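To start, the structure itself, in structure tokens.
The values are calculated or read from the model by the stated rules, or taken from the named source; none is laboratory data. Given the structure is predicted, the values throughout are model-derived calculations rather than measurements. Note: ideal-geometry Cβ built from the backbone for every residue, glycine included; neighbour counts use all protein chains shown. Ligands, DNA and RNA are stripped out before the accessible areas are found, and what is left, the full protein with its side chains, is counted by its heavy atoms. Shrake-Rupley method; radii C 1.70, N 1.55, O 1.52, S 1.80 Å.
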Amino acid sequence: MSTMETRPGRRQYVKFTFFKVAADWRRLDAGLRDRHKAEFASLVEGWAERNLVRCYSTVGTRGDVDFMVWQVSYEMDDIQRMQSELLGTDLAAYLDTPFSYLSMTKHSNYVEKYSGPGRDSFTRLSLAPGEHKYLFVYPLTKVREWYGLTGDERQEAMNQHIAIGHTYSSVKLNTTYSFGLDDQEFVLAFETDEPGDFLDLVQELRGSVSSAYTLTDVPIFTCATTDALGMLDAVAASPARVPALA
Amino acid sequence: MSTMETRPGRRQYVKFTFFKVAADWRRLDAGLRDRHKAEFASLVEGWAERNLVRCYSTVGTRGDVDFMVWQVSYEMDDIQRMQSELLGTDLAAYLDTPFSYLSMTKHSNYVEKYSGPGRDSFTRLSLAPGEHKYLFVYPLTKVREWYGLTGDERQEAMNQHIAIGHTYSSVKLNTTYSFGLDDQEFVLAFETDEPGDFLDLVQELRGSVSSAYTLTDVPIFTCATTDALGMLDAVAASPARVPALA
Amino acid sequence: MSTMETRPGRRQYVKFTFFKVAADWRRLDAGLRDRHKAEFASLVEGWAERNLVRCYSTVGTRGDVDFMVWQVSYEMDDIQRMQSELLGTDLAAYLDTPFSYLSMTKHSNYVEKYSGPGRDSFTRLSLAPGEHKYLFVYPLTKVREWYGLTGDERQEAMNQHIAIGHTYSSVKLNTTYSFGLDDQEFVLAFETDEPGDFLDLVQELRGSVSSAYTLTDVPIFTCATTDALGMLDAVAASPARVPALA
Amino acid sequence: MSTMETRPGRRQYVKFTFFKVAADWRRLDAGLRDRHKAEFASLVEGWAERNLVRCYSTVGTRGDVDFMVWQVSYEMDDIQRMQSELLGTDLAAYLDTPFSYLSMTKHSNYVEKYSGPGRDSFTRLSLAPGEHKYLFVYPLTKVREWYGLTGDERQEAMNQHIAIGHTYSSVKLNTTYSFGLDDQEFVLAFETDEPGDFLDLVQELRGSVSSAYTLTDVPIFTCATTDALGMLDAVAASPARVPALA
Amino acid sequence: MSTMETRPGRRQYVKFTFFKVAADWRRLDAGLRDRHKAEFASLVEGWAERNLVRCYSTVGTRGDVDFMVWQVSYEMDDIQRMQSELLGTDLAAYLDTPFSYLSMTKHSNYVEKYSGPGRDSFTRLSLAPGEHKYLFVYPLTKVREWYGLTGDERQEAMNQHIAIGHTYSSVKLNTTYSFGLDDQEFVLAFETDEPGDFLDLVQELRGSVSSAYTLTDVPIFTCATTDALGMLDAVAASPARVPALA
């Protein structure tokens, strides 16, 4: 559990790094693999004492990635240094990073106008992930026509969007911004315990005005909350750990 | 044959995982490869006692994948755990998963309105694959304009679509939903014994209204029903097993 | 030369499989490579006694594939089994299949209406490749607007298309259908001895009505007719076989 | 620090080369890796005595590249020779170059008309990177409709674009041209110490007229300024170098 | 220097093959690598006595390819055989061919109408590369709407295009045709000593009518003229060969 203190009024750097373990890592001795996992997990846990760091497994939900580390910090240097250290582990000799999303927090005019003054300046600038079982992450880019609408037109579209979202109270949204820092405009991260609720929400939003201005919103990552070692164990469960199936 | 009990009113998690065996697996000793196959097949068979699990070969129908495992469960944990265990086998050191589709079942308003009340709530929420020889799977995403149509317009388009489908009685459709869980909106799985019938159906549907609102419906996977060991044997038939060609 | 008997009124399964040999296969001993080639060629020749099987080299015409095997059979099982056996050879440990197209034959209403009753039902349902030196293969998908035209509009467009084709008498067309079976709608295979004639035909067709409704018609494969061993020898000509350049 | 002399009136060749280190490089002995890094860094430093050469780390900001070398020279031969020598190092046996952008400097009519005569001819033909902490690089291609506008229409759009840029005084832009030399039309490189400012600038520019004529402006690379050895050390930080986390 | 005799009235086959050397080739002993290069270069030089064969380095201008061999012959067999022999060298065990373009020469109606009768029939059917330092190569495909214009409209557009080209006298164009033979419609190869002139020409052509009908014109390859051994030496310059930097 992260212990990073919130600094009011300061924007945060946000990083979603998706890892895939090379198939030939599985040819290594089980003991060696355990040492690889312990070193990597220990490093992640060390960083969780300074930054907001969360661990997720994508085994079974996607075929192109195995796990994801979500890091939030007030310093870009932390983002780069943690990755540099992860790449210095022995496990990194068998790791690839097929997807990587860099973003920042930002005050949202839309939410403030919808919710009333002051509310958003607190919640948007510092992320506070809850304890939900699933996280759904995707990069979002709007078509340029969206930015050609008037402010009122966009506010109206966002009001509709936010209102639909509010009817699914089990789903919490974290919005981050990537303009100029990475290939997408936004990275969205939704938390919920009920995948079916999120599915229904996304399907209902397809009919909204703002949805019609989406250029791309894939890939979509279904991520299951876990801890550092659980995230790595899931990459290759050994029979000894699955007695129920013996 | 799966023995999972149906739980009325509960939605199911659905997973289609396509595997490809690395070419250099074929450089291994035949005995070792047989042990790899036996371990993997045994694990799949064990899961088939708890979940709905079906095995398919794509050797010869596509060049980018070798076989597919179709898993259905009421628990997302099962989807992740089975894949985690498959990745823990010795064969997994030579496996890649080029395509992977996660979805859920969902009640369909379209079908209920077309067929009358009550019929769909049963058939749609729990999948019940038959014993047909071929399965045709593809991810589907509609253009956003589809969601801008009125409910009546969409219902009318779907009525036409369903009616055409009904004229091909040898083809059975399983519709699943991926909104927000994976890159596509739907994953469709058609069962039939006659590939030519399915080909003719798809060609005829090209002229339907709903087809004009398709954004993407590829890749399309032609999958042949088999069992766990047959699915693995097909990856590399040894001469000893093909006496007819001696 | 294939000896498969024609079965009037029955549709055929058609498979175009493009192979690429891994670069490191060339690091093997020449004698071992010769045994690899002999085993693979022998298997292909065995199948040519039961199915229509043709061999082509793409060395020098493309950079992403080395050779292609064209198989036609009345049984889908044959398509899958031959590929399974090819993957069981020693050479397969060094083979990839970057492109693969599965299709079927089908009666064409367009051709019958253009040519008169009865003619097409014979020629379209069973393929009969000639002895031309080159084969040009590509997958074709039309835009959905094509299927929104009336039958008369499409027939008129096809009449123009067929008429242009007939002015190039040295070029023979084999049309096959992939709707629902594979990613494309059609796989077209043109035979000719004169690449320049085919180039001119394709350029002239660019101005036709039906061409304007093309969504995608690439990749385009220029394939040179050869036999099973010639197809494999071309993958890496040894100096001893090129005395003219000594 | 580069010492290349400016030659007034001469155009420069500009190269952005993004490198990725193969995962298996991390399996080598640490001492050997240090020698690899020293050789590569020494070569880069040697070239920095003749050309403008800057080093950047992308570890943690992207998943597909590890570092970038920015080279500017009045001679194309220098661009090719430096890369040839870098590829001759021992490290190069473990390097890939996933992204590479070649461009030239060019006098800008837009800037001259906006800023007044003479100003641009100096600043645009020779690049002079400052000492800012971050560099944001992306290739840009406009839609062809942009080139169908009249000169006045384009000038007006660029005036708006430049004016917005001037309100972010902490951000400095380097514009280079790739027409016919590489896949993109322009390569843009922005320098700043504040990523958040650049993010806000790019978001604000989304509403500009010229932005509506963008065909593609990705990938976007967030690059952190460093020196040759720091750029290589960041690829895999050893625990000994991260005492704060011990 | 090629010695192939021109055969008036006959069309030529044209091949642009782009090679990339695997990174692990650099792990081989320097003496072995020199033997690899000598064998490959000797084979290329042998073919240059029968066909038109030119060698180019792309090291430093692109990241995805290292060198290109341009071959022109009156026989398709020569195109296939030379590649087959190149793939039979020891170096080929470490080579990939990421890009490959096959085309033919063809008489151009546009040029004849622009230049007057008879001029083009000679220059277009047989290529005659000059001794310029740089070659710029790209595949070109037009949108289908281009082929829906009348002949006069296309001629007018081409007149404008050709006229702009003629104002850059230092740039020479070689146009070749790929319809039906390969994925693109044309392969264009421009020769010049001044990259900046070509850049300015391409930028100026962006405003032409014919440019608006471009579907795709990438990748664009900047290629530096060299000989067979120079092309291979540039792939990895050894320190001993770069004394100026000692």
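Does D:R241 count as at pLDDT below 95 and either over 18 Å from D:R62 (Cβ atoms) or open to solvent by 10 Å² or more (accessible area, probe 1.4 Å) (or both)?
Details: at pLDDT below 95: yes; either over 18 Å from D:R62 (Cβ atoms) or open to solvent by 10 Å² or more (accessible area, probe 1.4 Å) (or both): yes.
Here the answer is yes, as D:R241 does meet what is asked.
Determine the pairs where a residue that is of a type in the set (G, A, S), located within region C:168-186, has a partner that is open to solvent by 20 Å² or more (accessible area, probe 1.4 Å) with Cβ atoms under 6 Å apart, the partner being 6 or more residues away or on another chain.
C:S170/C:E194; C:S170/C:D197
In the list B:A38, B:A48, which residue meets the criterion of being closer than 22 Å to B:D78 by Cα, of a type in the set (A, V, I, L, M, F, W, C) and open to solvent by 40 Å² or more (accessible area, probe 1.4 Å)? Break it down stepwise before answering.
On the way: B:A48 fails: open to solvent by 40 Å² or more (accessible area, probe 1.4 Å).
Just one listed residue meets the conditions, B:A38.
Check B:T105, B:T89, B:T6 and return the single one that is within 11 Å of another protein chain (Cβ to nearest Cβ), of a type in the set (V, I, T) and over 30 Å from B:E156 (Cα atoms).
On the way: B:T105 fails: over 30 Å from B:E156 (Cα atoms); B:T6 fails: within 11 Å of another protein chain (Cβ to nearest Cβ).
On inspection, the qualifying residue turns out to be B:T89.
Mind checking which residues of region A:37-95 are farther than 20 Å from D:A237 by Cβ, more than 15 Å from the chain's Cα centre (by Cα) and among the hydrophobic types (A, V, I, L, M, F, W, C)?
A:V59
Looking only at region E:73-96, how many residues end up being farther than 18 Å from E:E39 by Cα, touching a residue at least 24 places away in the same chain (Cβ under 8 Å) and not hydroxyl-bearing (S, T, Y)?
Applying the first criterion (farther than 18 Å from E:E39 by Cα) to region E:73-96 yields E:73-80.
From the residues that got through so far, the ones that are touching a residue at least 24 places away in the same chain (Cβ under 8 Å) too are E:73-76, E:78-79.
Applying the additional criterion that residues be not hydroxyl-bearing (S, T, Y) yields E:75-76, E:78-79.
Residues meeting the conditions: 4.
Can you list the strands (runs of 3 or more DSSP E) lying wholly within region C:156-246 that have 3 or more residues being within 15 Å of the chain's Cα centre (by Cα), within 20 Å of C:S100 (Cα to Cα) and at the interface with chain E (Cβ under 10 Å from one of its Cβ atoms)?
Details: elements: C:172-177, C:186-192, C:214-216, C:221-226.
In region C:156-246, C:221-226 are the strands (runs of 3 or more DSSP E) which contain 3 or more residues that are within 15 Å of the chain's Cα centre (by Cα), within 20 Å of C:S100 (Cα to Cα) and at the interface with chain E (Cβ under 10 Å from one of its Cβ atoms).
Please specify each residue of region D:172-195 satisfying the condition of being crowded, with 18+ Cβ neighbours inside 10 Å and more than 25 Å from E:R62 (Cβ to Cβ).
The answer is D:E191, D:T192, D:P195.
Any idea how many residues of region D:97-115 are open to solvent by less than 20 Å² (accessible area, probe 1.4 Å) and either β-branched (V, I, T) or without any contact (Cβ under 8 Å) to a residue 24 or more places away in the chain (or both)?
Of the residues in region D:97-115, 2 are open to solvent by less than 20 Å² (accessible area, probe 1.4 Å) and either β-branched (V, I, T) or without any contact (Cβ under 8 Å) to a residue 24 or more places away in the chain (or both).
Go through region E:7-28 and give me each residue that's assigned to a loop (DSSP other than H, G, I, E, B) and at pLDDT 95 or above.
Our first condition is that a residue be assigned to a loop (DSSP other than H, G, I, E, B); within region E:7-28, this holds for E:7-12, E:22, E:28.
If the condition is that a residue be assigned to a loop (DSSP other than H, G, I, E, B) and at pLDDT 95 or above, then E:R11, E:Q12, E:A22, E:L28 are the ones that fit.
Output the residues belonging to region D:143-169 that are among the β-branched types (V, I, T) and open to solvent by less than 50 Å² (accessible area, probe 1.4 Å).
Residues of region D:143-169 among the β-branched types (V, I, T): D:143, D:150, D:162, D:164, D:167.
Hits for region D:143-169 are D:V143, D:I162, D:I164.
Which residues, taken from region D:58-99, are among the aliphatic types (A, V, I, L, M), assigned to a helix (DSSP H, G or I) and more than 29 Å from A:V65 (Cα to Cα)?
Across region D:58-99, the qualifying residues are D:M76, D:I79, D:M82, D:L86.
In region B:127-155, which residues are in a loop (DSSP other than H, G, I, E, B) and modelled with pLDDT of 95 or more? Give the steps one after another, and end with the answer.
From region B:127-155, those in a loop (DSSP other than H, G, I, E, B) are B:127-133, B:143-144, B:149-150; that's our starting set.
Answer for region B:127-155, where residues must be in a loop (DSSP other than H, G, I, E, B) and modelled with pLDDT of 95 or more: B:H132, B:K133, B:V143, B:R144, B:L149, B:T150.
Please find, among D:D29, D:D64, the residue that is among the acidic types (D, E), free of Cβ contacts under 8 Å to residues at least 12 places away in the same chain, under 17 Å from A:L87 (Cα atoms) and open to solvent by 10 Å² or more (accessible area, probe 1.4 Å). Can you show your working first?
Details: D:D64 fails: free of Cβ contacts under 8 Å to residues at least 12 places away in the same chain.
Residue meeting the stated conditions: D:D29.
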